[in-house]
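See below for the structure under consideration.
The values are calculated or read from the model by the stated rules, or taken from the named source; none is laboratory data. Worth saying up front: this structure is predicted, and the values here are computed from it rather than measured. Virtual Cβ from ideal backbone geometry, glycine too; neighbours counted across all protein chains shown. Surface accessibility is based on the protein's heavy atoms, side chains included, excluding ligands, DNA and RNA. Shrake-Rupley method; radii C 1.70, N 1.55, O 1.52, S 1.80 Å.
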Protein chains: 2
Amino acid sequence: MAQIAGVNTVQLQQLIESVSQGTVITNPATLDNYRWDRANDPSAGTPLAVVRAASAHDVQATLRFANVHDIPVVPRGAGSGLSGGSSAVEGGIVLSLENMREIDVDPLTRTAVVQPGALNTEVKAAAAEHGLWYPPDPSSFEFCSIGGNIATNAGGLCCVKYGVTADYVLGLRVVLADGKEITLGGPRLKDVAGLNLTQLFVGSEGTLGVITEVTLRLVPAQRPPTTLVATFATLDDATSSVLAIASTMRPSMLEFMDRPTINAVEDATGMGLDREAAAMLIVQSDEPAEYAAHEIAEIDALCQRHNASEVFATSDPEEAEAIIVARRMAIPAVERHGTLLLEDVGVPLPRLGDLVRGIEGIAKQQNVTIAVIAHAGDGNTHPLLVFDPTDDEQKQRAHDAYGDVMDLAVQLGGTITGEHGVGRLKRPWLVDSIGDDALELNYQVKKAFDPKNILNPGAIYDPAVLQEK
Amino acid sequence: MAQIAGVNTVQLQQLIESVSQGTVITNPATLDNYRWDRANDPSAGTPLAVVRAASAHDVQATLRFANVHDIPVVPRGAGSGLSGGSSAVEGGIVLSLENMREIDVDPLTRTAVVQPGALNTEVKAAAAEHGLWYPPDPSSFEFCSIGGNIATNAGGLCCVKYGVTADYVLGLRVVLADGKEITLGGPRLKDVAGLNLTQLFVGSEGTLGVITEVTLRLVPAQRPPTTLVATFATLDDATSSVLAIASTMRPSMLEFMDRPTINAVEDATGMGLDREAAAMLIVQSDEPAEYAAHEIAEIDALCQRHNASEVFATSDPEEAEAIIVARRMAIPAVERHGTLLLEDVGVPLPRLGDLVRGIEGIAKQQNVTIAVIAHAGDGNTHPLLVFDPTDDEQKQRAHDAYGDVMDLAVQLGGTITGEHGVGRLKRPWLVDSIGDDALELNYQVKKAFDPKNILNPGAIYDPAVLQEK
């Protein structure tokens with residue numbers, strides 16, 4: 001009997017018959033589209049099959065099948081992950097949630113019940129129809145899924161005031177490794193009955209279960225913001241301004257771009273940015289108009305006090321949009337200069353200056369371009385490492401720098417990942433970030449939930465180490 | 001050799017020698033003070049000893065000793081719990097954190113590193129010295145500890161806008177069942193390295209480990225609020241107003257009192273409340289002054305539209321304080337009429353009316369007084385069951401009603417506990433609240449963290465059931 005990676009064709013037929021018609025894909029050309037997320041993990045395997053689940057029932061059937069046959073299952077949303085959390089495992093099943101995307105907004109409870117494949121932007125739009133707002137806004141919000149956002153506890157630009165994905169997750173339905181679907185939490189703003197397993201699943205990167213439904217908290221629509229942009233001749237002045245702003249007020253956005261980023265954006269747009277500036281800050285206040293004007297005036301004064309070379313503020317939506325475009329263009333603009341390795345290291349705010357200067361040092365030492373953008377207000381930076389993919393030696397230096405940046409963040413009391421997740425790419429650094437004892441507890445929880453390690457094996461944890469536990 | 005509940009005096013001497021001098025208490029009169037929290041659990045046992053830890057080292061030594069000798073350890077903060085989470089276990093150790101109360105505020109990162117015994121009010125005061133604010137405000141904030149707040153994920157009045165304790169916990173140091181102290185999270189606003197074990201400990205009621213230090217997020221000081229009070233001739237008008245307000249704006253307080261509560265407060269204060277009103281709402285907005293006036297005017301109009309019999313709004317701090325006093329007096333005022341059983345059931349907001357009316361029905365059916373106050377804006381109610389402790393038959397009816405109220409909340413899609421915890425008193429209803437499957441996962445996590453069940457045995461989980469797992 002024909003064998004595909006440990007499962008014979010008769011067995012595979014069982015899977016096909018147990019899920020909705022047309023959801024199992026084994027055609028090699030299509031499988032190839034499901035091997036990588038945006039991290040382009042070079043060690044990604046080729047899956048045995050992709051199941052594009054149409055319902056929670058399909059997810060259950062897939063996990064029951066995988067559990068019986070000990071087959072790895074890699075859950076996948078929109079494939080926009082940046083740490084290799086959805087790299088396919090050789091001979092495993094990729095369980096895609098992309099077709100489960102219903103959204104049901106309840107304006108009375110200000111909640112939305114959402115399937116995992118719905119895009120972040122679709123949830124925002126559905127909320128907006130009722131005058132409501134789903135705040136978390138990863139830069140990829142137009143093409144990332146809510147399921148993936150929950151799996152990585154995704155952040156974004158407004159988190160400095162409005163918190164991260166976890167702060168909006170009230171309840172989940174989750175399919176466990178054995179195929180059982182359970183309900184955790186729900187549309188209740190306060191609930192302390194039993195352990196908070198809902199929050200344990202948030203950020204668990206598909207290693208504990210597969211999310212089939214989420215109940216999200218919505219808030220009233222955001223007020224139109226007032227926007228300020230400031231440029232600085234030195235990095236220190238910029239990061240000192242960030243600290244002065246963030247420790248005394250609550251802007252709704254506090255973003256940072258360094259000189260390489262400013263220049264890449266200017267190359268791409270010719271919008272007239274100051275190529276000589278060491279750094280640029282973009283700040284917003286969404287307080288009621290008069291108070292926002294007051295807050296922005298204070299921020300203006302703070303930036304001036306920290307030697308800003310230029311400060312410009314506006315409450316005109318079109319002028320503001322032109323400024324925000326600069327920030328939004330940053331990643332694609334830098335990407336024109338080569339292939340990117342995206343970091344998301346974070347530090348306690350007073351160490352932001354040390355981190356940014358240290359990254360500059362690493363770029364020099366490894367002789368690679370590193371452009372830094374940052375959700376500066378929460379100390380969360382995105383060093384973008386640029387390399388020529390055809391130059392193996394340069395590629396190696398970029399990968400070395402990738403590790404150096406994480407080492408630096410840990411040394412400064414920070415984290416290796418603020419909002420992208422550990423995935424497979426950052427796994428070797430996890431122990432340095434959280435320590436042996438916390439990692440040991442992680443293993444114990446993982447073993448309790450998924451004793452056979454069939455759920456996203458290789459993500460977060462080394463399968464060989466788990467096996468020994 | 002003399003034996004005290006399975007441990008002989010030589011062994012107890014080992015414990016005494018392993019912790020700071022004078023921290024172990026075995027004197028029966030003093031032990032008696034550590035048998036109960038505010039739930040006055042009739043099944044509380046008599047402990048072998050109380051350890052009043054002076055340091056994390058004492059906590060570690062106590063757990064090492066308990067682990068070797070299989071002795072139950074009940075962690076205890078200020079003893080203000082309302083669900084029997086700190087009832088002493090017969091022959092066990094009560095591990096009191098009341099003397100570990102250091103507070104260290106860092107205004108730059110807007111965080112505070114706090115020991116578990118510090119009172120909530122002390123944390124608020126320390127933050128205020130730097131112009132900062134620690135929002136969570138359980139009604140007991142003047143005499144409850146931060147450790148207990150974290151153990152129960154305590155809520156309060158401002159949570160309707162500012163979230164619960166969990167939203168302010170960035171990091172923890174925790175001593176595990178075997179005496180190992182670990183660090184989880186820290187002063188980073190975004191961190192997704194590994195599972196979110198920090199949040200798993202929040203609300204775990206001392207069943208997974210003992211908190212020895214917490215890193216709390218602080219926010220800028222609250223603006224002075226504008227206050228509105230409205231009375232209604234019918235319960236339906238009051239709960240409809242709550243729904244109308246909460247689904248369209250974000251007041252910083254939205255409290256409810258029913259007729260029995262209003263009358264108890266009027267009995268106690270003679271402040272001139274309307275004894276005929278079916279319910280009273282107290283609402284605050286802490287937006288910038290002009291906008292708050294606008295928001296309060298909208299709330300005023302909403303209440304009028306829902307047939308409020310009287311509405312009064314003020315931005316005068318003294319007038320506001322007089323109104324808030326009515327709310328703050330509610331529990332002590334009702335308590336003058338007998339012994340209390342305090343509930344904290346919650347429902348999705350559209351079911352608030354059904355819950356309050358249903359509780360009225362239960363009070364009639366069981367022939368007991370139930371006064372209802374509520375953090376109405378998050379659907380979290382506090383039915384106060386009043387009984388004469390010398391009347392066994394009445395006491396029994398009150399206990400029956402206590403269960404009926406939880407059954408009703410579950411039936412309405414709610415929770416048996418919004419902010420007090422399951423403890424020992426609510427344990428029999430946990431399975432109905434979260435379901436068999438979620439409870440099973442709870443058991444698995446508990447077993448992974450505390451295989452011998454020495455950590456607060458009897459709280460949340462039935463020890464006999466855990467034993468079989």
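With semi-axes defined as the square roots of five times the eigenvalues of the C-alpha gyration tensor, the equivalent ellipsoid of segment A:322-423 measures 20, 18, 11 Å, largest first. Amide hydrogen proximity for residue B:422: with H placed 1.01 Å from N in the peptide plane, the residues at 5 or more positions away or on another chain lying under 5 Å are A:194.
Label zone (residue B:440, point 7 Å along Cα-to-C-beta; backbone nitrogen cut-off 13 Å) within segment A:193-229: none. Charge tally around residue B:415: other residues with Cβ under 12 Å, Lys/Arg +1 each, Asp/Glu -1 each, net -2. Summed over both chains, the accessible area lost when B and A associate is about 5900 Å², using a 1.4 Å probe. Peptide B:428-439 has a mean shielding of 4, counted as Cβ atoms of other protein chains within 10 Å of each residue's Cβ. Note that the protein assembly as shown shows a convex hull volume over its alpha carbon atoms of 172 Å³ per residue.
Packing-based ranking of B:322-330, B:377-385 yields B:377-385, B:322-330, ordered from highest to lowest mean Cβ neighbour count within 10 Å. Close amide H pairs (under 5 Å, H built 1.01 Å from N) link residue B:157 with B:137, residues at least 5 positions away or on another chain. Taking every residue in B:378-389 and counting other chain Cβ atoms within 10 Å of its Cβ, the average works out to 1. Look at where the Cα atoms of segment B:6-31 and of segment A:362-425 average out, and the two centres are 53 Å apart. Less than 5 angstrom separates the built amide H of residue A:78 from those of A:145, A:148, all sequence-distant by 5 or more or on a different chain.
Per residue, the protein assembly as shown exposes 36 Å² of solvent-accessible protein surface, assessed with a 1.4 angstrom probe and all protein chains in place.
Taking the chain by itself as reference, segment A:174-213 contains these residues with an accessible-area loss of 50 Å² or more in the full protein complex (1.4 Å probe, heavy atoms): A:188, A:189, A:190, A:192, A:193, A:194, A:195, A:196, A:197, A:200. Here is how far apart the residue A:403 label points are across copies: 6.2 nm, shortest first, using a point 7 Å from Cα toward Cβ. Sorted from nearest, the other copies put their residue A:304 label points 4.4 nm away, the label point being 7 Å from Cα in the direction of Cβ. Across all directions, the average flat footprint of the convex hull enclosing the Cα atoms of segment A:223-336 is 6.4 nm². If you take all other residues with their beta carbon under 14 Å from the beta carbon of residue B:252, and give Lys and Arg +1 and Asp and Glu -1, the sum is -2. The mean count of C-beta atoms from other chains within 10 Å of the C-beta of residues in A:160-171, rounded to a whole number, is 2.
Only DSSP H runs of four or more residues enter the estimate; each adds -39500 (n - 2.57), and after division by the residues of chain A the mean residue ellipticity at 222 nm equals -11000 deg cm²/dmol. Summing +1 for each Lys or Arg and -1 for each Asp or Glu among the other residues whose beta-carbon sits under 13 angstrom from that of residue B:36 gives +1.
How large is log10 I(q)/I(0) at q = 0.09 Å⁻¹ when the Debye formula is applied to the Cα atoms of chain B, each weighted equally and without solvent? Log10 I(q)/I(0), no solvent term: -0.61.
The alpha carbon gyration tensor of segment A:366-431 gives principal lengths a ≥ b ≥ c with a/c of 1.5 or higher and a/b greater than b/c, which makes the shape prolate.
Across segment A:23-40, coupling constants 3J(HN,Hα) worked out from phi with the 6.51/-1.76/1.60 Karplus curve, θ = phi - 60°, read 8, 9, 10, 10, 5, x, 5, 6, 3, 4, 6, 10, 7, 10, 9, 6, 7, 6 Hz, and Gly and Pro carry x. Projected over every direction and averaged, the convex hull enclosing the alpha-carbon atoms of segment A:103-220 yields 6.9 nm².
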